[in-house]
Amino acid sequence: MLCIPLAVSSPTAIASTHDPVRLSGVDYLGDLPTLVAVEEGIFQRHGLAIEVDRRASGRQNIQALRTQETDIALMAPAPLVLELLASPNTGADNDLLILASLVYSSRLNHVVTPRNSGILVPEDLAGRRIGLMAGTNAEFLWWLFTALHGIDPDEVRVIDLPVSTLPGALVEGDIDAAILWEPWTSRLESRLSHDDLTFLPGSDIYTENWILVTTRGVLQQRPDTAHRLLSAYQEAIRIIDTDPKGALTMYTEAVGLDTLHALHDPYLPLFGLSLDWTLLASLQQLVQWARDTDKPIADPGPSILSWIDAGPLQQLLPGAASIPIRDTPPEAPSP
């Protein structure tokens, strides 16, 4: 795993225009463009001095943005929506803003169970235990999955565990099924005998975005950073499109997968910079999920467009930013 430690003098100071850009990713297949950009020196070619670290989840990346321990971070939309519903943007420096989506794919998440669990179809989950990481895209997928298959959520015990512990919990029999994503799906397969993992149908009901998020303060104090960063990601995605096998090899080596269990799905997700109606539809559905599952909501009528700054992407790739641009941010609270 590539990990370049952060080097900042104060965890609450927004980096100046002369400081390195602090970027937080996750060990996740959707984050492949970040890995390629680092390994190929693309950020530097686009004039960015950059420090990259990888945290355990998008939830941790959100907190790092809020406390200004990082400048830009990657995540699935689910934890971001939960954060913005519970703690809405106010016009302050630590407001969270989406710059772009990097991925659009239904291949990234899996509902899995060991073949000897006796769970052959989704309906067999009744009375069983499923492990997932709450507050993430996995919890949202579970909501969709139960609706698709007519499963009563009250009949399945949901156990909240960090994704890194889910493969071990399945192997030890502490849970009967799990919702995983790469590289954890492949890491689980490496601990089981050949073909001993069942992928339950319906995981592909969720088409996920992987989004690039920053803060209002970073955009205001470093106005050229977003453009340079998006340009670098555009080049990284071009490399992935040109040599997908090479990019997959780079990923499997970086996350320590062996060649026998190097990804359940040999095909890459669809990578590309965008801000379009598919993202808006996903954000709207996540808001509905939050309401239906009684998540904390401080703003009952959120303006989803206020969560997005489409300006940098529209300047770089006008055709990729097809959503309306919000003209003014929320007003900051009076001191």
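We did not get these values from a lab; they are worked out from the coordinates using the rules stated. As the structure is a computational prediction, the values presented were derived from the model and not from experiment. Every residue, glycine as well, gets a Cβ built from its backbone with ideal geometry; the counts of neighbours run over all protein chains shown.
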message: Using only the alpha-carbon atoms, how far is helix 137-149 inclined from the longest principal axis of the chain? Give it as 0 to 90 degrees, nearest 10.
response: 50
message: Given R₀ = 45 Å, what would the calculated FRET efficiency be for Asp19 paired with Gln314, taking r from the Cβ atoms and rounding to 0.05?
response: 0.95
- prompt: Fewest to most neighbouring Cβ within 10 Å: what's the order for Leu84, Leu197, Leu48?
  reply: Leu48, Leu197, Leu84
- request: Counting only DSSP beta bridges with both residues in the chain, tell me the antiparallel percent, nearest 5.
  value: 60
task: Give me the net charge of Tyr206's neighbourhood, meaning all other residues with Cβ under 13 Å from the Cβ of Tyr206; Lys, Arg count +1, Asp, Glu -1.
output: -2
Angle between the chain longest axis and helix 225-242 axis [Cα atoms, degrees, rounded to 10]: 40
- prompt: Tilt of helix 77-86 relative to the longest C-alpha principal axis of the chain, in degrees (0 to 90, nearest 10)?
  reply: 70
query: Within segment 179-217, what residues put their amide N at less than 11 Å from the label point 7 Å along the Cα-to-Cβ vector of Ser106?
result: 202-208
field: Cα-only radius of gyration and Dmax that characterise the chain, units Å
entry: 19.8, 62
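Kindly state, to the nearest 0.05, the FRET efficiency for Ile159 paired with Leu305, given R0 = 35 Å and r defined as their beta-carbon distance.
Details: r = 36 Å, r/R0 = 1.04.
Rounded to the nearest 0.05, the efficiency is 0.45.
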Euclidean distance between Cα centres, segment 156-222 to segment 23-44, Å: 19
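Antiparallel versus total DSSP beta bridges in segment 107-217: what percent is that, nearest 5? If you can, show how the numbers build up before the last one.
Values: 7 of 13 bridges.
Taking every DSSP beta bridge with both residues in segment 107-217, the antiparallel ones total about 55 percent.
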- prompt: If amide H atoms are built 1.01 Å from N in the plane of the peptide, which residues on other chains or at least 5 residues away come under 5 Å of the amide H of Leu102?
  reply: Trp210, Ile211, Leu212
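Residues with beta-carbon under 14 Å from that of Ala64, excluding Ala64: net charge, scoring Lys, Arg +1 and Asp, Glu -1? Before the final figure, lay out each step's value.
Working: positive: Arg22, Arg54, Arg55, Arg59, Arg66; negative: Glu51, Asp53, Glu69, Asp71, Glu83.
The answer is 0.
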Spin-label pair Thr249/Arg191, simplified geometry with 7 Å Cα→Cβ offset, distance in nm: 2.9
statement: Quick note, segment 126-172: a/c under 1.5 would make it rounded; otherwise a/b > b/c is prolate and the rest oblate (a ≥ b ≥ c, C-alpha gyration tensor); here it is oblate
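Under the rule of -39500 (n - 2.57) per DSSP H run of 4 or more residues, summed and divided by the residues of the chain, what mean residue ellipticity at 222 nm is obtained, to the nearest 500 deg cm²/dmol? Show your work: numbers first, answer last.
Values: 12 runs with 115 residues, N = 335.
That comes out to -10000 deg cm²/dmol.
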- prompt: Viscosity 0.890 mPa s, temperature 25 °C: Stokes-Einstein D of segment 18-121 from its Kirkwood Cα radius, in µm² per second?
  reply: 156
- request: In vacuum, with every alpha carbon of segment 109-205 counted as one equal point scatterer, what does the Debye formula give for log10 I(q)/I(0) at q = 0.15 Å⁻¹? Two decimals, please.
  value: -0.49
- line: Heads up, segment 201-299 by the C-alpha gyration tensor (a ≥ b ≥ c square roots of eigenvalues; a/c under 1.5 rounded, else a/b over b/c prolate, else oblate) looks oblate
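Quick one: if the Förster radius is 51 Å, what FRET efficiency do Glu172 and Trp277 give, using the C-beta to C-beta distance and rounding to 0.05? Before the final figure, lay out the partial values.
On the way: r = 44 Å, r/R0 = 0.85.
After rounding to 0.05, the efficiency reads 0.70.
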